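Trainee: The structure under discussion is supplied below as structure tokens; questions concerning it will follow.
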């Protein structure tokens, strides 16, 4: 049994919110990502069934959130998600919890009919887990972030339209567009 096998993953609940914020503050050493999670819950992009917690003996040790993206440049139904933030308590890192959270979130997203996931800010980490550079699809984003900092994954092959602009929910703009 690997270290992460006994971890239980389920959708977040309101009783988890304070613990989730603690996880994000500890993982990112600041308030920004915790504030992002709070703000995303207040938007139409929030999908409670795709905001997951990892529990170790009933204690929240990790969190991941997928939110609905908007698209510009295509008439295709918007079945694209934004990944983030994802965090694991630093004391629990290197146990495979983040990888388990990510895999469970992607599995649930695919089962719900979503066709692709886009992330911004941590391309090296996510490329280790099957994501590819966004420029593979000539994607653009609504964020003031170099495209090299964006990666994507198709959950269903050949469904991510080329050349579209992925519009991130507004709370991401407050995090990434501070210049």
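Trainee: State all residues of segment 14-34 that are in contact (Cβ under 8 Å) with a residue 12 or more places away in the chain and either closer than 18 Å to residue 174 by Cα or not in a helix (DSSP H, G or I) (or both); if no residue qualifies, say none.
Mentor: Result: 21, 24, 28, 32, 33, 34.
Trainee: Strands (runs of 3 or more DSSP E) wholly in segment 92-173 with at least 1 residues that are closer than 20 Å to residue 28 by Cα, modelled with pLDDT of 95 or more and touching a helix residue (DSSP H, G or I) at 6+ places or on another chain (Cβ under 6 Å) - which ones? Even if it seems obvious, please write down each step before you answer.
Mentor: On the way: elements: 116-120, 150-154, 165-167.
In segment 92-173, 116-120, 150-154 are the strands (runs of 3 or more DSSP E) which contain 1 or more residues that are closer than 20 Å to residue 28 by Cα, modelled with pLDDT of 95 or more and touching a helix residue (DSSP H, G or I) at 6+ places or on another chain (Cβ under 6 Å).
Trainee: Quick one: in segment 81-129, which of the residues that are at positive phi and within 14 Å of the chain's Cα centre (by Cα) is surrounded by the fewest Cβ atoms within 10 Å (Cβ to Cβ)? Before the answer, list the steps.
Mentor: If we filter segment 81-129 for residues that are at positive phi, which is where we start, we get 84, 94, 96, 113, 121.
Still in the list and also within 14 Å of the chain's Cα centre (by Cα): 84, 121.
Details: 84: 24, 121: 18.
Ranking the qualifying residues of segment 81-129, first place goes to 121.
Trainee: Test residue 39 against the stated conditions and say whether it is closer than 30 Å to residue 162 by Cα and in a strand (DSSP E or B).
Mentor: Judged against the criteria, residue 39 is not a match.
Trainee: Something else now. Do we find a residue being under 15 Å from the mean Cα position of the chain (by Cα) and touching a residue at least 40 places away in the same chain (Cβ under 8 Å) anywhere in segment 152-161?
Mentor: Looking for residues that are under 15 Å from the mean Cα position of the chain (by Cα) and touching a residue at least 40 places away in the same chain (Cβ under 8 Å), one finds at least one in segment 152-161, hence yes.
Trainee: Kindly indicate whether any position in segment 136-147 is under 13 Å from the mean Cα position of the chain (by Cα), in contact (Cβ under 8 Å) with a residue 24 or more places away in the chain and either within 21 Å of residue 46 (Cβ to Cβ) or crowded, with 20+ Cβ neighbours inside 10 Å (or both).
Mentor: Checked against the condition, which is being under 13 Å from the mean Cα position of the chain (by Cα), in contact (Cβ under 8 Å) with a residue 24 or more places away in the chain and either within 21 Å of residue 46 (Cβ to Cβ) or crowded, with 20+ Cβ neighbours inside 10 Å (or both), segment 136-147 yields no hits at all.
Trainee: Continuing with this model, one more query. Here is a list of conditions, (1) in a strand (DSSP E or B); (2) within 14 Å of the chain's Cα centre (by Cα); (3) under 24 Å from residue 167 (Cβ atoms), and residue 62 meets all of them except one; can you say which number that is?
Mentor: Result: residue 62 passes all but (3).
The values are calculated or read from the model by the stated rules, or taken from the named source; none is laboratory data. It should be emphasised that the depicted structure is a prediction, and the values quoted were computed from it without experimental measurement. Note: ideal-geometry Cβ built from the backbone for every residue, glycine included; neighbour counts use all protein chains shown.
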